[in-house]
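Trainee: Structure provided below as structure tokens; questions to follow.
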Amino acid sequence: MNIKPSFFDDTAPSEYSIWKKDVPPKKASELRIIQGILFKKSSRTNFWKSRFYVLFEDRLAYYKNSRQPQEHAYCSVLNMRVEKVSIDNEKDQISGLRIIHNNSFCELFARSRDVQEKWIECLSRFCVLNCYASCFVNIKVIGKGSFARVQHSTLNQRF
């Protein structure tokens, strides 16, 4: 899959993986925003793996299971983008989300559309919004600069 580069991506990415296995910084947040089981499709075996994910204020962490006290890996949610994804099977539709940073991505799937919506709602508070046109309606241009335009916008009625 081809991911479009973003203004928020690092110019010279030092790592190609989203997930970091080292210990998070000492000033890491301990406030849990949302937690639960999400599924990831294995790239080697093509089986679904269930992992226990926890969203903190500064990172998304995953554990092998909910009883494991130590984080297995984490990724920073700073400058990360979130998109909705779905897979249409012959049986049913699987809903999920894609987290993107530095042209790398990870797709996580939920048991239901409600769980997917909760995760995306919580992640969108910390991640970069990339669906501006579908969420907001521009009313008028307030100002212009050499780098950007300032718009007066309102929330779309669908949201």
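The values are calculated or read from the model by the stated rules, or taken from the named source; none is laboratory data. Just so you know, these numbers come straight off a predicted model, no measurement behind them. Please note: Cβ atoms are built from the backbone with ideal geometry, for glycine as well, and neighbour counts cover all protein chains shown.
Trainee: If I ask for residues that are basic (Lys, Arg) and at pLDDT 70 or above, which ones from the range 6-42 would you list?
Mentor: Result: Lys20, Lys21, Arg32, Lys40, Lys41.
Table: residues versus (1) of a type in the set (A, V, I, L, M, F, W, C); (2) closer than 30 Å to His152 by Cβ.
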| residue | (1), (2) |
| --- | --- |
| Tyr62 | no, no |
| Asn65 | no, no |
| Glu71 | no, no |
| Met80 | yes, yes |
| Ile94 | yes, no |
| Cys106 | yes, no |
| Asp114 | no, no |
| Leu123 | yes, yes |
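Trainee: Check Lys118 against each of (1) of a type in the set (D, E, K, R); (2) outside the structural domain of Leu31 (by TED's automatic domain parsing); (3) modelled with pLDDT of 90 or more and name the one condition it does not meet.
Mentor: Lys118 satisfies every listed condition except (2).
Trainee: Among the residues of the range 128-140, which ones are in contact with a Lys or Arg (Cβ under 6 Å, 6 or more places away or on another chain) and either closer than 20 Å to Glu57 by Cβ or modelled with pLDDT of 85 or more (or both)?
Mentor: Val128
Trainee: I would also like to ask the following. In the list Glu121, Glu71, which residue meets the criterion of being charged (D, E, K, R), on the phi < 0 side of the Ramachandran plot and part of a loop (DSSP other than H, G, I, E, B)?
Mentor: Of the residues listed, the single one that is charged (D, E, K, R), on the phi < 0 side of the Ramachandran plot and part of a loop (DSSP other than H, G, I, E, B) is Glu71.
Trainee: With the requirement that a residue be touching a Lys or Arg at 6+ places or on another chain (Cβ under 7 Å) and either more than 22 Å from Phe126 (Cα to Cα) or at pLDDT below 85 (or both), what does the range 43-63 give you?
Mentor: Trp48, Lys49
Trainee: Could you grab me the full set of residues in the range 55-91 that are within 12 Å of the chain's Cα centre (by Cα) and closer than 21 Å to Arg113 by Cα?
Mentor: Passing the criteria: Leu55, Leu60, Arg81, Val82, Glu83, Lys84, Val85.
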